[in-house]
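Here the structure is laid out as structure tokens; the discussion comes afterwards.
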Amino acid sequence: MHSNPFSDIELARRLAAVRDRMAAQDLDLLLLSTPENIFYLTGLDHWGYFAPHLLVVPPDGTMTLITRSMERVVVANQVRNAAFEGHSDSETAADLAVRHLTTRTTRAALEGAADQAEKIIGALPGRRNRIGAEIWSAGHPFGLGHKLREEIAGAEWVDASGLVDALRHVKSPEEQDYMRAAARASDAGTMAAIAAIHDGAREADVAAECLAAMTRAGGTPPGFGPFIRPDARIAEEHTTWGQGSYAAGERVMLEVAGCVARYNAPQGRLVHIGTIPDDDAEMAEIAHRAFDGALAAMVPGRPARAVYEGWQAVVDAAGMPEYRRHHCGYLVGIGFPPSWTGGNRVTGLRHDAGWVLEEGMTFHAMSWFTETGRGNFFFSNTVLLTAGGAEVLTRTDPRPAPR
């Protein structure tokens, strides 16, 4: 989190693709507020996204990044393809956005474009001033959106949520390199955590070993976790280590994501301290067969639901047709806290997912069996979809092995 990781060619390719989508949706201006999407177009990698950022994308010309004035130095150091405008802490990003757009419109009038004086800058002559905004972004709070709509008169506001997200689904060769590096950091952290787990081990010590190993392997702070939970809290989806210690006979759940250049590569493992119960060992076999069934269904051009069907078919054949999951994985890649899913949406491999698998997509693919009534097991991996099928990027041994 200290430099722009992208080449100029990569950034230009992405911006051109966004502008193509703007044209297809008849947008005269696009206001982006999702941290992952701003990073995707500019390379701005910092933790300042807790305060609203707005990236103003016109149909041509230079983009403008609006955020707090104090971010001037990091923007100057990292962003090469957008102008910067900063606001003081006595006003908001919306205040500055209104002023920015109004000033540019006034300039158009002073330069003789009287017919454009009532239009938002960036609108093409004769257009309807359709402005796209990510209204489902966590970076687009109600107050910001309300002020923009109240004070920018004459605009037609359009929900552009997902416009850039869809472009991020397929990873370029540059991005795939970062996913592979993140997977190596993920393996380092996972193996260190597993090695640290034993009867009497403190939860905090296991977490410390995991984080240290990921960092030494080139990782930066991940978007999520790591999630490291004792047996009593395995079913808690998004909690992590506490102040306790592990004991013989317990299971420990790990979900760890290495992160490099904001690209996250999650994987999950279930560790048994001591012996493995027979029903858990049986469930481990089912979990591995189901995971292989999901991988076999990952073929470019197929609907995403085919992956879930491949997983569920193994579960059904194992005599568990009543056991169903909300998904068996989801798209991953760029992620800022608090998520490695790429924002506040989850694009899942669900039973009803109609979107199409494409070469270059990366997934957190999982085979999760808890609270089944006949044993528990879980593991997951980051998977890259290639022309030849699914390639598993995270390599930590997923077979059950007692500690």
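Across the chain, the longest run free of exposed loop sites, meaning GluC sites (Glu not before Pro) lying outside DSSP classes H, G, I, E and B with no more than 16 other Cβ atoms within 10 Å, spans 119-235. Note on segment 173-392: dipole from Cβ charges, positive end direction compared against Val206, Ile273, Gly301; the farthest Cα belongs to Gly301.
Cβ crowding within 10 Å, taken as a proxy for footprinting-reagent exposure, orders Ser90, Ser380, Ser3, Ser367 from fewest neighbours to most as Ser90, Ser3, Ser380, Ser367. Couplings 3J(HN,Hα) for segment 28-41, derived from phi with the Karplus relation 6.51 cos²θ - 1.76 cosθ + 1.60 (θ = phi - 60°), are 8, 7, 10, 10, 9, 9, 6, x, 4, 6, 5, 4, 4, 8 Hz, where x marks Gly and Pro.
Using a ≥ b ≥ c from the Cα gyration tensor of segment 138-208 (square roots of the eigenvalues), is it rounded, prolate or oblate, where a/c under 1.5 gives rounded and otherwise the larger of a/b and b/c decides, a/b for prolate? It comes out oblate by the Cα gyration axes.
As an equivalent ellipsoid, segment 169-319 spans semi-axes of 27, 24, 11 angstrom, where each value is the square root of five times an eigenvalue of the C-alpha gyration tensor, largest first.
Overall, segment 235-355 carries a charge dipole of about 700 debye about its Cα centre when +1 sits on the Cβ of Lys and Arg and -1 on the Cβ of Asp and Glu, all other atoms neutral. Taking the longest Cα principal axis of the chain as reference, the axis of helix 305-317 is set at about 20 degrees.
Computed from the coordinates I sent, Cα extents along the principal axes in Å equals one of (i) 81, 41, 35; (ii) 78, 48, 39; (iii) 101, 41, 37. Tell me the label. So the calculated entry is the one marked (i).
Pick out, from Tyr263, Cys328, Leu144, the residue whose Cα sits farthest towards the positive end of the charge dipole of the chain, with +1 on the Cβ of Lys and Arg and -1 on the Cβ of Asp and Glu. Ranked along the dipole, the leading option is Leu144. Charge dipole of segment 173-392 (Cα centre as origin; +1 on each Lys and Arg Cβ, -1 on each Asp and Glu Cβ, all else neutral): 480 debye, rounded to the nearest 20. Report, in degrees rounded to the nearest 10, the 0 to 90 angle that the Cα long axis of helix 142-151 makes with the longest principal axis of the chain. Helix 142-151 sits roughly 20 degrees off the main axis of the chain. Residues Met361, Met191, arranged from fewest to most other Cβ atoms within 10 angstrom of their Cβ, appear as Met191, Met361.
Taken about its Cα centre, the chain carries a charge dipole of roughly 580 debye when the Cβ of each Lys and Arg holds +1 and the Cβ of each Asp and Glu holds -1.
The angle separating the long axis of helix 173-196 from the principal Cα axis of greatest extent in the chain is about 40 degrees.
Read-outs throughout are calculated quantities, based only on the coordinates presented, and are distinct from any laboratory measurement. Keep in mind that this is a model prediction, so the values were computed, not measured. With ideal geometry, Cβ positions are generated from the backbone for all residues, glycine too; neighbour counts draw on all protein chains shown.
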